[in-house]
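I have placed the structure first, in the form of structure tokens, so that the comments after it can refer back to it.
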Amino acid sequence: MVHGSLPHLATMWHIDLTIRDDTWPATRPAWRCAAPAAVRMAPMKAFSFITPAVAEYLVGHTTPPDQVLKELAEETLTATGDDSGMQISPEQGTFLTMITQICGARNAVEVGTFTGYSSICIARGLPEDGRLTCFDVSDEWTSIARKYWEKARVADRVELRLGPAAETLREFPLRPEIDLAFIDADKPGYPVYYEAVMSRLAPGGVILVDNTLRRGTVADYTDGDAAAMREFNDLVYGDPRVTSTLLPIADGLTFIRKH
Ligand SMILES: C[S@@+](CC[C@H](N)C(=O)[O-])C[C@H]1O[C@@H](n2cnc3c(N)ncnc32)[C@H](O)[C@@H]1O
């Protein structure tokens, strides 16, 4: 466990680690509190410089989407109006392709496909014989995805399972193990999707989860609407099977690696 190695590292680097318990989330799961008394944590500094201008700069310095993804974004806006806001952002798309490549993933799953933007980004990171299985309830929205899988020339490696993901994931085989999963469907379903994926995930496998900052509302403990996401974030944080980090990309993207 990570905490177990801290005193050793602190001694090596001559670091004075001092516990500041008020910096921990109030709802932290019990096992994370179990650091030995000798382990003293450095005060964590909270800071943010991500103003709208910085966000724009950041997007402007990320490899942009190609013509197919741009067309898909335009068609999604025309076809779905306000719902088009559910699509992942271009910089997340670039990140998904890179992570899929870096992990060397062959067997990937996506929970929440909508019109297909993120699925194309993941599929493009897979090798030619790789597979992406997509789970979604909407025939209407995924019909646009099907069209763009063809346009993006990834249709041969993508399969769609229509229906409530809690059920379709249950029927999904345990083998071959999943190398990479992206969860971006209905938020109350996240704990179920997380567990279903985790039980099929290879050691070293990766789960990416979208919207985990909920526009920052997760940090406002008076905001009841964000409670489900806070509970999910606590669940991941307290899961001894994984190492995780919550990245402030777009609406928050949690990066989880199974031990
Ligand atoms: C935020 S969108 C996904 C966006 C997509 N990742 C993209 O980049 O365009 C959420 C999707 O989850 C699907 N969804 C909602 N509830 C679901 C459920 N119970 N099972 C499976 N899919 C569900 C919706 O149909 C919708 O397409």
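What follows is calculated from the coordinates using simple rules that are stated; it is not laboratory data. Only a predicted model underlies this, so the values are computations on that prediction, with no experimental measurement involved. Neighbour counts run over all protein chains shown; Cβ positions are idealised from the backbone, glycine included.
A compact table of results
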read-out: Net charge contributed by nearby residues that have their C-beta within less than 14 Å of ASP179 (K/R +1, D/E -1); value: +4
read-out: Formal net charge of residues neighbouring GLY204 (Cβ-Cβ distance under 14 Å; K, R +1; D, E -1); value: +3
read-out: Surrounding net charge for GLY163, when Lys and Arg each add one and Asp and Glu each subtract one, Cβ distance under 11 Å; value: -2
read-out: Pairwise FRET efficiency - PHE172 versus ALA79, Cβ, R0 = 22 Å, nearest 0.05; value: 0.20
read-out: Intensity falloff of segment 132-189 expressed as log10 I(q)/I(0), Debye formula with alpha-carbon point scatterers, at q = 0.24 Å⁻¹; value: -1.15
read-out: Sorted by Cβ neighbour density within 10 Å, fewest at the top, the residues SER84, SER119; value: SER84, SER119
read-out: Globularity index of segment 69-109, i.e. its alpha-carbon radius of gyration over 2.2 N^0.38 Å; value: 1.42
read-out: Alpha carbon centroid spacing (whole Å) that separates segment 61-89 from segment 100-162; value: 15
read-out: Listed peptides 154-161, 218-225, 124-131, 89-96 by packing density, highest first (mean Cβ within 10 Å); value: 89-96, 154-161, 124-131, 218-225
read-out: Net lengthening on full extension, VAL192/VAL59 (0.36 nm per residue, minus Cα-Cα); value: 44.7 nm
read-out: Among 181-189, 56-64, the order from most to least packed when residues are scored by Cβ within 10 Å on average; value: 181-189, 56-64
read-out: Quarter of Cα convex hull surface for segment 66-258, i.e. mean projection, nm²; value: 10.1
